[in-house]
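Here's the structure we're looking at; comments come further down.
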Amino acid sequence: MPVDVVFVEPCFPSNQREFVRALHAVGARVIGIGERPKSALDDGLRQWLSHYEQVGNVTDVGQLERAVRLVQSRVKVDRLEAVVEAHVMAAAQVRERCGIPGTSVRSTFLCRDKPAMKEALRQAGVPCAQSIGSSDADDLRRFAARVGFPLIVKPRDAAGASGTERVDNGPELERALARFGVPQGRSVAIEEFIEGHEAFYDTLTIGGRVVHDFVTHYYPNVLEAMRTRWISPQFIVTNRLDTAPAYAQVREMGQQVITALGLETTATHMEWFVGPRGLKFSEIGCRPPGVRAWDLYAAGNDFDIYREWAMVVVHGRTSQRLSRRYAAGIIALRPTQDGRIVDYAGVDEVHRRFGNWFIDEHLPPPGTPTQPVEAGFMANAWMRLKHPDYDTLRGMLNLIGQTVKVIAR
């Protein structure tokens, strides 16, 4: 019997279509629910989707539930999948209301609410930064006095570094609390600043067991990268995960987190730090990583990661082996200033030197408005490369950052 899978928002962002393609490729009947009209579906989506329902807002639980129940009146829905951070909680609530297997509301909440996540993991013995979540400014000030500066302030349900601020003293904390709306009753998360190198650990899991995993390193750490224009930040997925003993502890911690939060068959994205205080867990999302990191995993391992995710979701098993043949990475190229891109320098040189190792690149044409630094790794120009040796690849990306200039005025 065919497996019927409802997939939330197949049109946007652009790589959402890859999940639909993969589900169709492994034999699922895919029903899309999204905010765009059916006319917005491209030819591929029209071919892969057996049905499409438009709603006004896929994060509105009531609207999503009505659409799912309409689908259930016609077929037995076996899975309801959402892979964007903003969509996962609505999907979890509708799953439970409609009796569909998948990540629970409790697990989804713990993957989104940072203070609750940290508390659950501390109880499970996972080393985490000290943290608090509160709408009471006095509680937050007492936490700051006890833990000391620097501290990180963020929304309770932020994804990655989105909306995150570092504060180094009392006046900065007061300004941050005001910006986050604490005087108006908004609850925020505050945690101690962990010194050390930042990286992420991503998995595919079946029944709570990790079946595929990846480690990716940030240079520099995200908070600095998303605040500093002159830096051309990069992240690189290592191909040494199976051979370097140091990663054993990361893998052990990752499995411990998955078990503690009750995650079963899903993709996960976990951030972690390692430094003077050892390995520390940062946060987790019960969905794939952003910034198209999965494309790097596919390029580095000679496999179709979207199809493998679909096999896990639809059939509960894997079908491909990871080659670990290449390290793969991205470097973000920041415009010299805000405005419009007018020219590039150094592109021909890096193509000449490293052309065989390019995966792809994005160089917006002259006249394109620039995006702010905090908009992320793929907001402006970027290049992605792979190489069999991790250290060689890092050197190549460093040289690209020193050579390529995105000139804006």
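Scanning the chain for helices, which whole DSSP H stretches are 18 Å or more long along the axis (Cα) and average -0.5 or more by Kyte-Doolittle?
85-98, 247-260, 390-403
Classify the chain as rounded, prolate or oblate from the Cα gyration tensor: take a ≥ b ≥ c as the square roots of its eigenvalues, call it rounded if a/c is under 1.5, otherwise prolate when a/b beats b/c and oblate if not.
Taking the square roots of the gyration eigenvalues as a ≥ b ≥ c, the chain is rounded.
Can you list the cysteines of the chain that have no other Cys Cβ under 4.7 Å away?
Cys11, Cys98, Cys128, each lacking another Cys Cβ under 4.7 Å.
Hey, how many Å between the Cα centroid of segment 101-123 and the Cα centroid of segment 264-325?
19
Quick one: among Leu322, Leu70, Leu263, which has the greatest mean-square fluctuation in a GNM of the chain with alpha-carbon springs under 10 angstrom?
Leu70
Ignoring ligands and nucleic acids, what accessible area does Lys154 show with a 1.4 Å probe (Å², nearest 10)?
10
What is the chain's relative contact order, in percent, from Cα pairs under 8 angstrom and six or more apart in sequence?
It rounds to 14 percent for the chain.
With every protein chain left in place and a probe of 1.4 Å, what is the accessible surface of Asp138, to the nearest 10 Å²?
80
Which residue fluctuates most in the GNM of the chain (Cα springs below 10 Å): Lys76, Lys280, Lys386?
Lys76
If R₀ is 25 angstrom, what is the calculated FRET efficiency for the pair Thr243 and Arg317, using the beta carbon separation as r and rounding to 0.05?
Plugging the Cβ-Cβ distance into 1/(1 + (r/R0)^6) gives 0.45.
Could I have the simple spin-label model distance between Arg179 and Asn356, label points 7 Å from Cα toward Cβ, reported in nm to one decimal?
The answer from the label model is 4.7 nm.
Among Val350, Val77, Val58, which one shows the biggest mean-square fluctuation in a GNM of the chain, springs joining Cα atoms closer than 10 Å?
Checking each option, the largest mean-square fluctuation is seen for Val350.
Less than 17 Å apart at the alpha-carbon level, and either on another chain or at least 8 residues along: which aspartates and glutamates does that give for Lys405?
Hits, sequence-local ones excluded: Asp338, Asp343, Asp348, Glu349, Glu361.
The values are calculated or read from the model by the stated rules, or taken from the named source; none is laboratory data. Note that this is a predicted model, so its numbers are computed, not measured. So basically every Cβ, Gly included, is an ideal-geometry build from the backbone, and we count neighbours across all protein chains shown. When the accessible area is computed, the model is the full protein with side chains, heavy atoms only, and any ligands, DNA or RNA have been set aside. Shrake-Rupley method; radii C 1.70, N 1.55, O 1.52, S 1.80 Å.
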